[in-house]
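Everything on this sheet refers to the single structure shown next.
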Amino acid sequence: MQITTPPKSNQNYVMSSISDMMSGLMMVFLFIAVVFMLSQQKLVVQVQKERDQIARHKQAMDAIANMAKKHRTDLHKALIIVFAKELKDANQKAAKSNGIPWIEIEADNTVRFNAPEVLFKSNKTRLSLHYKRILRDFFPRYVQVLYEHSQDIKGVRIEGHTSSKGSFLYNMELSQQRAFNTLKYCYKLITNNQHRNWLHTVVGAQGFSFSRPIKNANNNEDTDRSRRVEFRVITKAEERLYQILETSRAQQ
């Protein structure tokens, strides 16, 4: 049998077609590689931007947290100095009776009044005479200290709290009215116009029912200490830190 060899021109045509096809494929692969490299580069840039943003965010939060700590510490020292006698007296009486101090100043500058039976009669919202005497001595001095730190203060809130005895809504109304009546009486004690005008911009009253109980060492509710009135300070730095955290949550 005789084998017929394709004409040379046909061989060249086939080889040329294969070569063209390979060149085309190479161009496609090259194009894909370039697109992939560009997308990777864009991704790297985006990741770096996000890392830089996170770093700046953290630096801002650290700076504000440090500022809040300083404001809190400075105010705490001032309150401890002004009310040193009351705190010493309260602690001595509590030690003798194995009870709790009638006044406490927490690390976050919350001033807490305990002994609810002295502040209000059971299930009543009218301030007792004893509580009024306490407030007459306490509140003008308290406002004086806060006013000296007013550039750092965002708000001053008088809070009413109850134990978990009774319904939530009943205790909400009770705690709200007690907080408001405390504010109403305290407001009348301020005769300094500068202090009063400043209070207009920061002070408020709020009841929390039993949503924020105080726990004992066994993590059970301490019903006596849960029934209380608190004076809470919110600094501008703490408010700014809260806003940053809320923004971060919204962006997630």
Inset, instruction - Report the residue count in segment 89-103 for those that are farther than 12 Å from residue 225 by Cβ, more than 28 Å from the chain's Cα centre (by Cα) and not in a loop (DSSP other than H, G, I, E, B). - result: 8
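Could you please find all residues in segment 137-161 being among the charged types (D, E, K, R) and surrounded by fewer than 20 Cβ atoms within 10 Å (Cβ to Cβ)? Steps first, please.
Keep residues of segment 137-161 that are among the charged types (D, E, K, R), which gives 137, 141, 148, 152, 154, 157, 159.
137, 141, 148, 152, 154, 157 - these are the residues of segment 137-161 that are among the charged types (D, E, K, R) and surrounded by fewer than 20 Cβ atoms within 10 Å (Cβ to Cβ).
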Inset, instruction - Could you tell me which numbered condition residue 86 fails, if it satisfies all but one of (1) over 19 Å from residue 151 (Cβ atoms); (2) under 27 Å from the mean Cα position of the chain (by Cα); (3) at pLDDT 70 or above; (4) of a type outside the set (Lys, Arg)? - result: (2)
Legend entry - Criterion violated by residue 50 - all others in (1) farther than 20 Å from residue 156 by Cα; (2) in a loop (DSSP other than H, G, I, E, B); (3) of a type in the set (Asp, Glu) satisfied: (2)
Inset, instruction - Filter segment 104-131 down to residues that are closer than 15 Å to residue 231 by Cβ and either assigned to a helix (DSSP H, G or I) or hydroxyl-bearing (Ser, Thr, Tyr) (or both), then give me how many there are. - result: 3
Inset, instruction - Report, by residue number, each residue of segment 181-198 that is part of a loop (DSSP other than H, G, I, E, B) and surrounded by 18 or more Cβ atoms within 10 Å (Cβ to Cβ). - result: 190
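Scan segment 75-87 for residues that are in contact with a helix residue (DSSP H, G or I) (Cβ under 8 Å, 6 or more places away or on another chain), farther than 22 Å from residue 216 by Cβ and surrounded by fewer than 19 Cβ atoms within 10 Å (Cβ to Cβ) and report the count.
Keep residues of segment 75-87 that are in contact with a helix residue (DSSP H, G or I) (Cβ under 8 Å, 6 or more places away or on another chain), which gives 75, 78-80, 82-83, 86-87.
When the remaining residues are screened for being farther than 22 Å from residue 216 by Cβ, the result is 75, 78-80, 82-83, 86.
Adding the requirement that they be surrounded by fewer than 19 Cβ atoms within 10 Å (Cβ to Cβ) leaves 78, 80, 82, 86.
Total meeting the criteria: 4.
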Inset, instruction - Taking the residues in segment 88-117 that are exposed (fewer than 14 other Cβ atoms within 10 Å of the Cβ) and hydrophobic (A, V, I, L, M, F, W, C) as candidates, determine which candidate is farthest from residue 175 (Cα to Cα). - result: 95
Legend entry - Which listed residue is polar (S, T, N, Q), within 26 Å of the chain's Cα centre (by Cα) and crowded, with 17+ Cβ neighbours inside 10 Å, from 164, 209: 209
Legend entry - Meets criteria (surrounded by 10 or more Cβ atoms within 10 Å (Cβ to Cβ) and among the hydrophobic types (A, V, I, L, M, F, W, C)) for residue 63: yes
Inset, instruction - Note down all Cβ pairs under 6 Å where the first residue falls in segment 76-95 and is in contact (Cβ under 8 Å) with a residue 60 or more places away in the chain, the second is in a helix (DSSP H, G or I), and they're at least six residues apart or on different chains. - result: 78/145; 79/145; 82/141; 82/145
Legend entry - Checklist (1) surrounded by 12 or more Cβ atoms within 10 Å (Cβ to Cβ); (2) not in a helix (DSSP H, G or I) applied to residue 134, failing item: (2)
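Going by the conditions given, is residue 123 more than 24 Å from residue 234 (Cβ to Cβ), without any contact (Cβ under 8 Å) to a residue 24 or more places away in the chain and loosely packed, with under 14 Cβ neighbours inside 10 Å? Full working, then the answer.
On the way: more than 24 Å from residue 234 (Cβ to Cβ): yes; without any contact (Cβ under 8 Å) to a residue 24 or more places away in the chain: no; loosely packed, with under 14 Cβ neighbours inside 10 Å: yes.
Criteria not met by residue 123.
Does residue 163 satisfy the condition of being free of Cβ contacts under 8 Å to residues at least 12 places away in the same chain and either outside any helix (DSSP H, G or I) or small (Gly, Ala, Ser) (or both)?
Numbers: free of Cβ contacts under 8 Å to residues at least 12 places away in the same chain: no; either outside any helix (DSSP H, G or I) or small (Gly, Ala, Ser) (or both): yes.
No: the conditions fail for residue 163.
The values are calculated or read from the model by the stated rules, or taken from the named source; none is laboratory data. Note that this is a predicted model, so its numbers are computed, not measured. Counting neighbours? That spans all protein chains shown, and the Cβs are built from the backbone with ideal geometry, glycine included.
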